[in-house]
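The values are calculated or read from the model by the stated rules, or taken from the named source; none is laboratory data. Here the structure is a predicted model, which is why all the values come from computation and not from measurement. Heads up, the Cβs are rebuilt from the backbone with ideal geometry, glycines too, and the neighbour counts pull from every protein chain shown. Just the protein is used for accessible areas: all its heavy atoms, side chains included, with ligands, DNA and RNA removed. Shrake-Rupley method; radii C 1.70, N 1.55, O 1.52, S 1.80 Å.
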Amino acid sequence: TLHALGRVDISDTLWSVAEPSAAKNSNPISLAHLRAASQGSGSETLHLAIAALLSADREAIRQATDRLDRIGHNSGWDAMTGVVLTLDAYTGTDIGQSFP
């Protein structure tokens, strides 16, 4: 999300703080996903959801969330939670309250 906002600097700072703990407390697969996210990589579906939110395109948001719903048991929604929390923190608003 921070990469999509053009704030790689914040992403790099967060990862430099989080990486030691993640390396110690995560399994290799989780660590790989966290490392990829810190570099702006992730699933196409998640990137589509981020783009839809940033463009405020309601239909694209609906389509992206439908796709997120099909990722794992709840992994897509876990990732989306991270996106919304990041947007909330970055904008100083509560974007999550905009959705039922």
Q) Where nothing but the Cβ of Lys and Arg (+1) and of Asp and Glu (-1) is charged, how large is the charge dipole of the chain around its Cα centre, in debye to the nearest 20? A) 180 debye
Q) P(r) of the chain in 5 Å steps, Cα pairs, percent per bin? A) 2, 12, 21, 26, 20, 12, 5, 1, 0
Q.
At 1.4 Å probe radius, can you tell me the per residue accessible area of the chain in Å²?
A. 66 Å²
Q | Overall form of the range 44-91 per C-alpha gyration tensor (a/c, 1.5; a/b vs b/c) | A | oblate
Q: Convert each backbone phi in the range 75-80 into a coupling constant with the Karplus relation 6.51 cos²θ - 1.76 cosθ + 1.60 (shift: θ = phi - 60°), then list the ³J(HN,Hα) values in order as whole Hz, x for Gly and Pro.
A: 4, x, 6, 4, 5, 5
Q: Give the residue from N25, A36, Q63 lying farthest towards the positive end of the charge dipole for the chain; charges sit on Cβ (+1 for Lys and Arg, -1 for Asp and Glu) and the dipole is referred to the Cα centre.
A: N25
Q) Does anyone have the angle between helix 8-25 and the longest principal axis of the chain? Alpha-carbon axes, 0 to 90°, nearest 10? A) 60 degrees
Q.
Give me the percent of accessible area attributable to carbon and sulfur for the chain, probe 1.4 angstrom.
A. 56 percent
Q) Which one of I29, I50, I61 has the biggest mean-square fluctuation once the chain is modelled by GNM with Cα springs under 10 Å? A) I29
Q. Using θ = phi - 60° and the Karplus form 6.51 cos²θ - 1.76 cosθ + 1.60, what ³J(HN,Hα) does each residue of the range 61-72 get, whole Hz, x for Gly and Pro?
A. 5, 4, 5, 5, 5, 4, 5, 4, 5, 9, 9, x
